[in-house]
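Participant: Mind looking over this structure? Questions follow.
The values are calculated or read from the model by the stated rules, or taken from the named source; none is laboratory data. Since this is a predicted model, take the numbers as computed values, not measurements. Reconstructed Cβ throughout: ideal geometry from the backbone, glycine too, with neighbour counts over all protein chains shown.
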Amino acid sequence: MGIRRTLSSLAGGALAAEVVACLLWRPRMLRWGAMAGEASGALPGDGRTPDPRLQSIRAVTITAPAEQVWPCLLQWVSAAPGSTPTTGWTE
């Protein structure tokens, strides 16, 4: 009887943790880093799926002018698959 009760308690705890994660943590992860306006605004490609079942957005704030950011982004995009380009200070 003791083992059954322990397993039942563990299963109940795991289920409770999953419910909490779905209700509190997951919505935050679906809009990681994005402000409310960014998450609710229209983005390129939104018209391709008019009624999606799931939406997520990831955002990063970069405090630098576009002239400095774009060369770094292009370096990352043009890197060979599986490799990680460096930004100079790691070399």
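Participant: Across segment 56-75, what is the number of residues that are over 17 Å from the mean Cα position of the chain (by Cα), of a type in the set (S, T, N, Q) and at pLDDT 85 or above?
Facilitator: Count: 2.
Participant: Please list, ordered by residue number, the helices (runs of 4 or more DSSP H) wholly in segment 1-55 having 2 or more residues that are modelled with pLDDT of 85 or more.
Facilitator: Filter on segment 1-55 gives 2-20.
Participant: Answer with yes or no whether Ala16 is surrounded by 10 or more Cβ atoms within 10 Å (Cβ to Cβ) and on the phi < 0 side of the Ramachandran plot.
Facilitator: Criteria met by Ala16.
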